[in-house]
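Colleague: Just dropping this structure here.
Since every read-out is calculated from the coordinates, none of them should be taken as a lab result. Quick caveat: nothing in here was measured; it's all calculated off a predicted structure. Virtual Cβ from ideal backbone geometry, glycine too; neighbours counted across all protein chains shown.
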């Protein structure tokens, strides 16, 4: 994969990793904007997907829609969240050529 594709996959991977963490930890604030609004993990996942959609589509046309569906159904399908999300994380890790450990150390 080219560098642009790996970076796009990594950005979406990290946002989905945060989303998966929120399943256990509760909502994870991820972006603080200049206007004072804090965006959460779902907002960040959608933001990263929208930002990198075109590049990811070239690498794997089906993954963009699968990610969008997983994020859109996050609140309405709590029982199957991780089952849906984990294969997508694996696919993104493969595209990016890297993965995060299952549990990140405290920052």
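Colleague: Rg(Cα) of the range 3-96 divided by 2.2 N^0.38 Å? Could you put the intermediate results ahead of the total?
Modeller: On the way: Rg = 12.7 Å, N = 94, 2.2 N^0.38 = 12.4 Å.
Relative to the 2.2 N^0.38 Å estimate, the range 3-96 comes out at 1.03.
Colleague: I would also like to ask the following. Say each of residue 25 and residue 3 gets a label point 7 Å from the Cα, pointing the same way as Cα to Cβ; how far apart are those two points in nm?
Modeller: So the label points at residue 25 and residue 3 sit 3.0 nm apart.
Colleague: Suppose the chain between residue 94 and residue 75 were pulled fully straight at 0.36 nm per residue; how much longer would it get relative to their current alpha carbon spacing?
Modeller: Details: separation 19, 0.36 × 19 = 6.84 nm, distance 2.67 nm.
Full extension of this stretch gives 4.2 nm more.
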